[in-house]
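Participant: Sharing a structure here in structure tokens format.
What follows is calculated from the coordinates using simple rules that are stated; it is not laboratory data. Since the structure is predicted, the reported quantities are computational estimates derived from the model, not experimental observations. FYI the Cβ positions are ideal-geometry reconstructions off the backbone, even for glycines, and counts take in every protein chain you see.
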């Protein structure tokens, strides 16, 4: 009997730094959808946005500290081991090879990111490899005539269908907590010498303080 997980969700990001918004979303997804695990995948080189302020190893260490002891949340460093842009399709190809064709695999994104999904590198291939979990938020609507809106309508599934589709479907979900915490705001507070308590785990705050991360150069 295989010991591979049957249902896996993947959350990618810079995690610069990881904060309670990331962590609570991952935990709530695992609990609400009865997932076997949620993988947090820190990117190495971001293709479409400013590069992370801190090194890959520093961001990975903060993630390790943040999820210590939390069963079902797993750090996956595969993107950090490759000296190339961190395209989601390559990550999913590796995960699909690892997990097998029968596993139900989800790529997690916010609705604001999904609004530009058809501009992603090999987005059609992504849908052959995984489903999408779209985290909605109040006040954000997709453009009515957009390709993303059409995809959502054609491929939508309900939570009750979660186990039935290894890839190709879209599940939208509104998380109860919806913690609106911004890594940009955290970095700004730290650069000004302000407290970030309650925004991220104490272990991560301690690490940031010890290594003087995000401190504005004098």
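Participant: For the stretch 57-129, what percent of Cα pairs sit more than 21 Å apart?
Facilitator: Of all Cα-Cα pairs in the stretch 57-129, 40 percent lie more than 21 Å apart.
Participant: Taking the Cα of residue 32, stepping 7 Å toward and past its beta carbon, and measuring to each backbone N in the stretch 131-149: which are under 14 Å?
Facilitator: Under cut-off, by backbone N: 133-138.
Participant: How far apart, in nanometres, would the label points at residue 182 and residue 112 be if each is projected 7 angstrom from Cα along the Cα-to-Cβ direction?
Facilitator: Spacing of the two 7 Å Cα→Cβ label points: 0.7 nm.
Participant: Run through all the Cα pairs of the chain and give the fraction in each 10 Å bin from 0, expressed as whole percent.
Facilitator: P(r) over the chain, rounded to whole percents: 8, 33, 37, 18, 4, 0.
Participant: Once you have all Cα-Cα distances for the stretch 74-172, histogram them in 5 Å bins from zero and send the whole-percent values.
Facilitator: 2, 12, 22, 24, 20, 12, 6, 2
Participant: Could you work out the relative contact order of the chain? I mean the mean sequence separation of Cα pairs under 8 Å and 6+ apart, divided by the number of residues, in percent.
Facilitator: For the chain, the relative contact order is 24 percent.
Participant: For a footprinting-style exposure proxy, rank 61, 19 by other Cβ within 10 Å, fewest first.
Facilitator: 61, 19
Participant: Return one number: the angle in degrees, 0 to 90 and rounded to the nearest 10, between the long axis of the Cα atoms of helix 20-33 and the longest principal axis of the Cα atoms of the chain.
Facilitator: Relative to the chain, helix 20-33 is tipped by roughly 30 degrees.
Participant: State, as an integer percentage, the relative contact order of the stretch 24-121 based on alpha-carbon contacts under 8 Å between residues 6 or more apart.
Facilitator: Answer for the stretch 24-121 is 29 percent.
Participant: In nm, give the distance between the simple-model label positions of residue 175 and residue 98, each being 7 Å from the Cα along the Cα-to-Cβ direction.
Facilitator: 2.1 nm
Participant: Could you work out the per residue convex hull volume over the alpha carbons of the stretch 137-218, in cubic angstrom?
Facilitator: 192 Å³
Participant: Here's something else I'd like to know. Using label points projected 7 Å from each Cα along Cα→Cβ, tell me how many nm separate residue 122 and residue 24, to one decimal.
Facilitator: So the two model labels end up 3.6 nm from each other.
Participant: Rank the residues 62, 164 as a footprinting-exposure proxy: fewest other Cβ atoms within 10 Å of their Cβ go first. Mind dumping the intermediate values first?
Facilitator: On the way: 62 26, 164 9.
With the sparsest Cβ surroundings first, the list reads 164, 62.
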